[in-house]
1. Any idea what angle helix 256-269 forms with the longest principal axis of the chain, computed on alpha-carbon atoms, 0 to 90 degrees, nearest 10?
2. What full-extension length gain, to one decimal in nm, is calculated for ASP36 and ARG18 as 0.36 nm per residue of separation minus the Cα-Cα distance?
3. Radius of gyration and Dmax for the range 110-253's Cα atoms, expressed in Å?
4. Listed highest first by mean packing, meaning other Cβ atoms within 10 Å per residue, what order do 217-229, 143-155 come in?
5. So what J values fall out for the range 195-205 if you push phi through Karplus, 6.51 cos²θ - 1.76 cosθ + 1.60 with θ = phi - 60°, rounded to Hz, Gly and Pro as x?
6. For a quick check of understanding: with a 1.4 angstrom probe and all protein chains in place, what accessible area in square angstrom does LEU84 have, to the nearest ten?
7. Would you mind listing how long the range 153-195 runs along its three principal axes, going by Cα atoms, in whole Å with the largest first?
8. Step through the residues of the range 215-230 one at a time and calculate ³J(HN,Hα) from phi using the Karplus curve (6.51 cos²θ - 1.76 cosθ + 1.60, θ = phi - 60°), rounding each to whole Hz and writing x for Gly and Pro.
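The values are calculated or read from the model by the stated rules, or taken from the named source; none is laboratory data. Given the structure is predicted, the values throughout are model-derived calculations rather than measurements. Using ideal geometry, Cβ is built from the backbone for each residue, glycine included, and neighbour counts are taken over all protein chains shown. These area figures cover heavy atoms from the full protein model, side chains too; ligands, DNA and RNA do not enter into them. Shrake-Rupley method; radii C 1.70, N 1.55, O 1.52, S 1.80 Å.
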Amino acid sequence: TMHDTLPLTHPELVFPNRRGRLAWRLKETTAVRLADRIVTVSEASRLDIAAWSGLPDRRIRVITEGPDPVFQPRALDPQAVPVLRRFGITSGARFLLYVGGLSPHKNLLRLVEAFAQGAPEDVKLVFVGDVHDVFHTHVPQIRAAIARHALHDRVILTGFVPDDELVFLYSLAYALILPSLLEGFGLPAVEAMACGTPVVSSRAGSLPEVVGEAGVYFDPTDVGSIAGAIRSLCNSPSDRDVLANLALERSALFTWEESARRLLDCFDELGRPRSAK
């Protein structure tokens, strides 16, 4: 399984040193050469893998991901109040939510700058992501950007949040925002949509393919474009509500049950007998 080609095409965004980059390339090249099938998670990733590897279409299968059942609309649940309080979010406050890694390819420095330019004063920005991630991260740079724009009272870094609490942040967020330079799939987008929350999204990689009409899009390399998307949605609550309904409908397209069926079909292609179960 390959989620994307980012570590191969832009290794400097994933690995801080040359040794890590070379080790990953060797591992991936060997695995691709030996595998009878390559499974990936989006059409965008399939095209990238085919271009990188030169493999024919018959060797690559797309099997999308799905949200955990815990992710469903919980905005009216009283259990949400102590979760918000623990992260310093006032009940009823509007906030944009980012969920994911804090590494360079997530493009979070531009997000902080765009938020400073485009978000109304009453809106906060909440980052959910492990600040002690073993992978290459931008945490010091993100903190510096927050300080540079004097956003200490409007930007919150929660650290890791378990799913049974994350569902409340998804459900109460004004929107999820994903500014990534590349995503193989973008599972947080589907999790947010399953909670009835629209997505403000980069046009890069698979995100438009996954989010569809349930999102507002921007150029991830253009701070002005990101700021404009934030401003537009924050100033149009009625548009936000329309997108929220579309998001909930779209999330139904992605389930782990369907993913499992398609993976079993992939195994069957290789001549492995399916269990009677």
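1. Value to nearest ten degrees: 20.
2. Once the chain is fully extended between ASP36 and ARG18, it gains 3.5 nm.
3. Considering the range 110-253 through its Cα atoms, Rg and Dmax are 14.4, 41 Å.
4. My ranking of the peptides, most packed first, is 217-229, 143-155.
5. Per residue, the Karplus-derived 3J(HN,Hα) values read 9, x, 10, x, 10, 9, 10, 4, 7, 7, x Hz.
6. Per-residue accessible area (LEU84): approximately 10 Å².
7. Ordered largest first, the range 153-195 gives principal extents of 29, 24, 20 Å.
8. Result, rounded to whole Hz: x, 10, 10, 8, 7, x, 8, 10, 4, x, 5, 5, 4, x, 5, 4.
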